[in-house]
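The values are calculated or read from the model by the stated rules, or taken from the named source; none is laboratory data. Source: prediction; values computed, not measured. Positions of Cβ are backbone-derived with ideal geometry, glycine not excepted, and every protein chain shown enters the neighbour counts. These area figures cover heavy atoms from the full protein model, side chains too; ligands, DNA and RNA do not enter into them. Shrake-Rupley method; radii C 1.70, N 1.55, O 1.52, S 1.80 Å.
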Amino acid sequence: MIITSKKDYPLATNFPYSLEHLQVSYCKLARVDMRMLCLKKLRKLDLSHNHIKKLPSTIGDLLYLQELNLHDNQLESFSTALCSSTLQKSLQFLDLSQNKIRALPIQFCSLQELVHLKLDDNELIRLPFKLGQFKKLRFLSAARNKLPFLPCEFKLLHLENLDLFGNSFEQPSPLTPNIQLKVPLTLLETASRLVVNSKFSYGPHLLPAHLCQDLDTAKLCQCGQSCVNSFIQTTVTMNLHHVSHTVVLVDNMGGTEAPVQSYFCSLLCYSEFLDRYLQSNR
């Protein structure tokens with residue numbers, strides 16, 4: 001069913017319960033109609049070109065939803081409840097372009113089935129920290145945002161097409177690191193690293209919420225080990241062709257490079273990186 005004008009929008013009747021594809025665009029919707037959430041067979045939901053500011057968590061109850069198009073609305077966030085819903089197992093296409101989103105939650109990367117993600121024309125100041133968890137992601141666009149750099153795990157992606165044009169990328173600064181490393185490591189940092197590196201399971205039923213959040217944002221050192229709150233951080237240049245077959249130029253100068261955050265768990269790891277960097281730039 002396709003509805004592209006407000007005068008055609010059904011007010012007195014329900015949507016057919018057998019619907020698998022519903023498009024409601026240009027209808028000036030300020031919120032998601034709860035009647036849509038009763039369409040249990042829905043596979044594609046297109047609510048582009050409306051005025052929606054917030055998504056109900058019950059969208060996550062649509063067990064078979066594979067495609068969700070929210071292009072050109074007024075969204076400011078994407079809730080953690082949706083990230084933790086059954087969308088984790090079904091959603092393959094998500095279009096959040098042309099909204100007002102500044103950041104996405106850590107849990108966003110739980111949407112493990114995503115193949116196509118569009119984030120263009122928002123106000124993003126960062127991409128999800130654990131972006132490398134998107135093992136099936138092949139198409140990513142986040143053009144015309146406010147990204148100063150890319151997250152460390154960006155280099156773990158294997159994409160077919162990537163578009164990051166028009167972001168305000170900073171110049172990389174490998175020689176001026178942000179040093180948060182405490183030597184010797186605290187007992188808390190040592191234990192936290194052990195939990196992450198050994199892949200022990202954890203959760204709010206076992207640990208305080210703030211510790212779970214620290215573990216969720218553990219940083220991956222170039223040596224393959226993780227660090228939590230004690231690290232050395234810098235930004236380095238990465239050619240985006242290392243993660244994507246096709247790359248849209250980053251700027252009008254024809255560039256395909258962007259700054260990526262890098263973390264180091266020890267002075268030794270940073271020193272080894274620095275040696276390699278200086279040798280390659282002689």
Distance between Cα centroids, region 147-223 to region 19-45: provide it in whole Å. 37
Count of lysine pairs in region 133-282 with Cα atoms under 24 Å apart, counting only pairs 8 or more residues apart in sequence or on different chains? 13
In µm²/s, what is D for region 133-282 at 20 °C and 1.002 mPa s, where D = kT/(6 pi eta Rh) by Stokes-Einstein and Rh is the Kirkwood radius from Cα pairs? 126
Histogram of C-alpha separations across the chain, 5 Å bin width, %: 1, 5, 10, 15, 15, 14, 13, 10, 7, 4, 3, 2, 1, 0, 0
Unit Cα scatterers, Debye sum, region 1-139: log10 I(q)/I(0) for q = 0.15, 0.16, 0.19 Å⁻¹: -0.70, -0.80, -1.13
Out of the DSSP beta bridges found with both residues in region 117-234, what percent are antiparallel (nearest 5)? 45
Residues other than residue 149 with Cβ under 15 Å of its Cβ, Lys/Arg counted +1 and Asp/Glu -1, net out at 0
Could you work out the local net charge near residue 220, counting Lys and Arg as +1, Asp and Glu as -1, over the other residues with Cβ closer than 11 Å to its Cβ? +2
If you line up the long axis of helix 267-280 against the longest principal axis of the chain, both from Cα atoms, how many degrees apart are they, to the nearest 10? 90
Which FRET efficiency, nearest 0.05, do residue 239 and residue 272 yield, Cβ-Cβ r, R0 22 Å? 0.55
Which ³J(HN,Hα) values in Hz, rounded to whole numbers, follow from the phi angles of region 156-173 under the Karplus curve 6.51 cos²θ - 1.76 cosθ + 1.60, where θ = phi - 60° and Gly and Pro get x? 8, 6, 10, 9, 9, 9, 9, 10, 10, 4, x, 9, 8, 5, 7, 6, x, 9
By a straight-distance test (C-alpha under 18 Å), which lysines pair with residue 28 as possible cross-link partners, with residues fewer than eight away in the same chain excluded? 6, 7, 53, 54, 100
Where a label projected 7 Å from the Cα of residue 1 along Cα→Cβ would reach, residues of region 12-41 with amide N under 14 Å: 12-25, 33-41
Among residues other than residue 163 whose Cβ falls under 15 Å from its Cβ, what is the net charge (Lys/Arg +1, Asp/Glu -1)? -3
Need one number: % antiparallel among DSSP beta bridges in the chain, to the nearest 5. 30
Could you tell me the calculated FRET efficiency between residue 186 and residue 34, based on Cβ-Cβ distance and R0 = 35 angstrom, to the nearest 0.05? 0.10
Per DSSP H run of n ≥ 4, the term is -39500 (n - 2.57); total these for the chain, divide by its residue number, and report the mean residue ellipticity at 222 nm rounded to 500 deg cm²/dmol. -4000 deg cm²/dmol
So the carbon and sulfur contribution to the accessible area of the chain, 1.4 Å probe, in percent, is 54
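If R0 is 30 Å, what FRET efficiency do you get for residue 197 and residue 80 from their C-beta distance, rounded to 0.05?
So, using R0 = 30 Å, E works out to roughly 0.70.
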Taking the 0 to 90 degree range and rounding to the nearest ten, how far is the long axis of helix 187-197 tilted relative to the main principal axis of the chain, both from C-alpha atoms? 60
With all protein chains present and a 1.4 Å probe, the order of 264, 165 from largest accessible area down is 165, 264
